[in-house]
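Reading through the structure tokens given below for one structure.
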Ligand code: PSU
Ligand code: MN
């Protein structure tokens, strides 16, 4: 079935960039609506787009506005997503049909954003930290929809690894099983989102944007179905204090359990817990790393044009 173009619109700047073969980087919107506090979230959303431009590419933030998929948002649409009163639903791939059918607003996760970006012909995507296998998943089966979408979507995702609230070792095992390529950028250690090193290694390493681009290009050439994850660590100087991280995480997991938080609410709950309990130190780390990832994704997209 063809795409319903009345429900799928590409911003003119993004459309022109794609048509003329310029570098384009997709950005997700759940981080705006459910990952960062208002009103900082809207300012950060603008900064992330600027980081993509600084790297030489055109940003395409993806969301659903009034039941229409938007690839590239206007400032007014970013405001809607960031407003806690505008009833924005966190949309993973499974939620796309219902939110489009209902005509509501949706903020897309890594899962839904990758799917839409690929449909639009965008090959590069930046986010903060991927979703993955939650701690205790052996009992709850709580595993992010990000994993299976990444298994079947040929896109290059720049991130700071997976969120450190997760079971990182189990997530890496699942990524291996699912055929997702994991590459450290300038590191042999898999980054741990708020921290530079998750304590796990990476199967592959690159040190330049051109090397990162080459992996995606060869993946496409051999038609491997899954994503390439370019995992860029935050610097040790900028990371969250390790002792603070572990203490706040343990308390947050206990609080989530006590409050009966489950399903799609777990990740937003824990991110908000971190921001509150660290006096926004985690927020600053999150903002720093997402801007760095956005810039690197742009540099990779630009490098791909030259190869
Ligand atoms: N990275 C961030 N902040 C976020 C997220 C990622 O720095 O809020 C979002 C992404 O949209 C990711 C989602 O896809 O969290 C994962 O949610 P879940 O664990 O429920 O799949
Ligand atoms: Mn989940």
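With each label point set 7 Å from Cα along the Cα-Cβ vector, what nm distance links residue 141 and residue 16?
Between residue 141 and residue 16, the simple spin-label model gives 4.9 nm.
Suppose a student asked you for the relative contact order of the chain, using Cα pairs under 8 Å spaced at least 6 residues apart; what percent would you report?
20
Please compute the contact order of the range 1-65 in relative form: average sequence separation of alpha-carbon pairs under 8 Å and at least six residues apart, divided by the residue count, as a percent.
Reported relative contact order: 42 percent.
Nearest 5 is fine: what % of DSSP beta bridges in the range 40-199 come out antiparallel, could you say?
So the antiparallel bridges amount to about 55 percent of the total.
Which whole-number percent gives the relative contact order of the range 66-194, counting Cα pairs below 8 Å spaced six or more residues apart?
21
What value does the range 85-243 have for Rg/Rh, both radii from Cα atoms and Rh as Kirkwood defines it?
0.98
Could you tell me the largest-minus-smallest coordinate of the C-alpha atoms of the range 166-232 on each of the three principal axes, in descending order and whole angstroms?
That works out to 33, 26, 16 Å along the principal axes.
Let me make sure I get this right: for the range 1-137, a, b and c are the square roots of the gyration tensor eigenvalues over alpha carbons, sorted descending. Under 1.5 in a/c it's rounded, otherwise prolate if a/b > b/c, else oblate. Which is it?
rounded
Computed on alpha carbon atoms, what radius of gyration and Dmax characterise the range 93-167, expressed in Å?
Computed over the Cα atoms of the range 93-167, radius of gyration and Dmax are 13.2, 38 Å.
Highest first, please rank the peptides 63-76, 145-158, 82-95 by the mean number of other Cβ atoms sitting within 10 Å of their residues.
145-158, 63-76, 82-95
Note down the nm distance, to one decimal, between modelled labels 7 Å out along Cα→Cβ at residue 258 and at residue 236.
It works out to 3.5 nm between the two label points.
Taking the highest mean first, how do the peptides 292-300, 230-238 order by number of other beta carbon atoms within 10 angstrom per residue?
Ranking, from highest mean packing down: 292-300, 230-238.
What number in nm² do you get for the chain if you take the convex hull of its Cα atoms and divide its surface by four?
Spelled out: convex hull of the Cα atoms, projected over all directions, averaged, 14.8 nm².
Quote the FRET efficiency, to the nearest 0.05, computed for residue 7 versus residue 211 with a Förster distance R0 of 35 Å and r equal to the Cβ-Cβ distance.
Once rounded, the FRET efficiency stands at 0.35.
Extending each Cα 7 Å along its Cβ direction at residue 148 and residue 284, get the distance between those two points in nm, one decimal.
If labels sit at residue 148 and residue 284, their model points lie 4.0 nm apart.
Any read-out appearing in this document is the output of simple, stated calculations on the displayed coordinates, not a laboratory observation. Here the structure is a predicted model, which means the values were calculated and not measured. Note: ideal-geometry Cβ built from the backbone for every residue, glycine included; neighbour counts use all protein chains shown.
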